[in-house]
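Below: one structure, written as structure tokens.
The values are calculated or read from the model by the stated rules, or taken from the named source; none is laboratory data. Every value quoted in this text rests on a predicted model; they were computed, and no experiment measured them. Cβ sites come from the backbone with ideal geometry, for glycine too, and all protein chains shown count toward neighbours. All accessible areas refer to the heavy atoms of the entire protein, side chains included, with ligands and DNA or RNA removed. Shrake-Rupley method; radii C 1.70, N 1.55, O 1.52, S 1.80 Å.
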Amino acid sequence: MTQRRALLVIDVQYDFLAGGSLAVPAGNEIIPEINAFHERVPFDLVVFSMDWHPANHCSFVTNNPGATVFTPHQLPSGPQMMWPAHCVQNTHGAQLHADLRRKPEHMDVRKGQDPHVDSYSAFFDNNHAVKTPLDDILISHGITDVYVCGLATDYCVAYTSMDSRFLGYNTYMIEDLSRGISPACIEKAKREMQEKGVHVVQSADIH
Ligand code: VGL
Ligand code: ZN
């Protein structure tokens, strides 16, 4: 089978960037580097994911009286990390950063719309029960190899990369084109990705 490559750019949205409600440290640094990367490397498909929550989303600490931010909280469905409200549908914080270079053929995938379940992965919700359109988009483009970058390394980039491998794609997480929330979580996520067969790579090694 011919190799066909997709680049997934995960959640480079204002709320995860400087001044946003859930800003990832140094997140803005990757924007010009991602732009230069897909100008240099000829991908068959480029997809941008967007965290796209309703205002009543279960992951927002503000929607869970008594819960503490950045701490897991017991919901009926199981433990849920409590986040500041972020990426609320149709707000500025949910928009992709305007400096991201976009082409007409690039695609978007939204995730996290169900108020009752979070969705770190751009493929599945956190219950692994409901799929986004992403896998069907990749299948329809004949994609065999998936490259993942963006925000945050320890959450949405990691879950998306592991699900990509689970779905059978050769999967590469581009470390230098991603940034994470906490150093300890980034190291743990890297180990988990590698255990699941995700290759952790650097952009300079991709041509
Ligand atoms: C993310 C926490 C909550 C991410 C999304 O994009 O990594 N993290 N929602
Ligand atoms: Zn979210």
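If you take the residues of region 148-187 that are part of a helix (DSSP H, G or I), within 16 Å of ligand 1 (Cβ to nearest atom) and hydrophobic (A, V, I, L, M, F, W, C), which of them is farthest from Asp11 (Cα to Cα)?
The extreme case among them is Ala184.
Please determine, by comparing only the residues of region 51-60 that are open to solvent by 10 Å² or more (accessible area, probe 1.4 Å) and under 18 Å from the mean Cα position of the chain (by Cα), which one is nearest to ligand 1 (Cβ to nearest atom).
That would be Trp52.
Could you check Asp145 against (1) open to solvent by less than 10 Å² (accessible area, probe 1.4 Å); (2) within 16 Å of ligand 1 (Cβ to nearest atom) and say which number it fails?
Failed condition: (2).
Checking the structure you have, find out if any residue of region 108-128 is polar (S, T, N, Q), in a strand (DSSP E or B) and modelled with pLDDT of 95 or more.
No.
Could you figure out which of (1) free of Cβ contacts under 8 Å to residues at least 24 places away in the same chain; (2) closer than 24 Å to Pro79 by Cβ isn't true of Lys188?
(1)
Just one of Leu75, Leu7, Leu22, Leu17 is over 17 Å from Gly180 (Cα atoms) and buried (at least 19 other Cβ atoms within 10 Å of the Cβ); which is it?
Matching residue, one of Leu75, Leu7, Leu22, Leu17: Leu7.
Could you check Ser140 against (1) of a type in the set (Ser, Thr, Tyr); (2) surrounded by 14 or more Cβ atoms within 10 Å (Cβ to Cβ); (3) more than 18 Å from Gln13 (Cβ to Cβ) and say which number it fails?
(2)
Kindly indicate whether Ala85 is open to solvent by 20 Å² or more (accessible area, probe 1.4 Å), within 15 Å of ligand 1 (Cβ to nearest atom), of a type outside the set (Ser, Thr, Tyr) and in contact with an Asp or Glu (Cβ under 8 Å, 6 or more places away or on another chain).
No: the conditions fail for Ala85.
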